[in-house]
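What follows is a set of notes on a single structure, which appears directly below.
The values are calculated or read from the model by the stated rules, or taken from the named source; none is laboratory data. Worth saying up front: this structure is predicted, and the values here are computed from it rather than measured. We place every Cβ from the backbone using ideal geometry, glycine too, and count neighbours over all the protein chains shown. Ligands, DNA and RNA are excluded from the accessible area calculation, which covers all protein heavy atoms including side chains. Shrake-Rupley method; radii C 1.70, N 1.55, O 1.52, S 1.80 Å.
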Amino acid sequence: VQLQAFGGGLVQAGGSLRLSCAASGLAFSIYTMTWFRQAPGKEREFVAAIDWSDSVTRYTNPVKGRFTISRDNAENTLYLQMSSLKPEDTALYYCAADRTGDTYYYRGRTYDYWGQGTQVTVSS
């Protein structure tokens, strides 16, 4: 199983980026998919999740209204459209997959698969 995130980069505050997470080796369409991020010196942070059917999404409060999670099950790809980026969005972003069907995040929750990250840097 591979989850490969890409699309990160350096962007000015107020700008936009679209991250992708390409999945292989798993039945992507039955997995709940989640984006996380981790800034240097900080704990991993839940960003957004989407259920297998693309009908339920969930976001952490700091990104609501600015980020949109989506998926293309035909292409086995997860997306995160990020707009109105802020310096505090700077982090390594990575995706995770699990089959619980639950988009809620709670401390200690486990995930079946984790991907490598893509760096997002927002300059002020």
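So the values come out like this:
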{"quantity": "In the stretch 1-97, the GluC sites (Glu not before Pro) that fall in loop regions by DSSP, at most 12 other Cβ within 10 Å", "calculated": "43, 75"}
{"quantity": "Residue with peak Gaussian network fluctuation, the chain [Cα springs, cutoff 10 Å], from 18, 66, 99", "calculated": "66"}
{"quantity": "Percent carbon-and-sulfur accessible area, the chain, ignoring ligands, DNA and RNA, probe 1.4 Å", "calculated": "46 percent"}
{"quantity": "Most mobile of 42, 64, 86 in a GNM of the chain (Cα contacts under 10 Å)", "calculated": "42"}
{"quantity": "5 angstrom amide H check on residue 100, placed H, neighbours 5+ away", "calculated": "32"}
{"quantity": "Cα gyration tensor, the stretch 69-124 - rounded (a/c under 1.5), prolate or oblate", "calculated": "prolate"}
{"quantity": "Efficiency of FRET from Cβ geometry, residue 55 and residue 26, R₀ 30 Å, rounded to 0.05", "calculated": "0.90"}
{"quantity": "Charge-dipole axis of the chain as Lys and Arg at +1 and Asp and Glu at -1 on Cβ define it, positive-most pick from 106, 24, 12", "calculated": "12"}
{"quantity": "Simple Cβ-charge dipole of the chain, Lys/Arg +1 and Asp/Glu -1, about Cα centre, in debye nearest 20", "calculated": "300 debye"}
{"quantity": "Selected from 112, 72, 54 as most flexible by GNM, with the chain as the system and alpha-carbon contacts under 10 Å", "calculated": "112"}
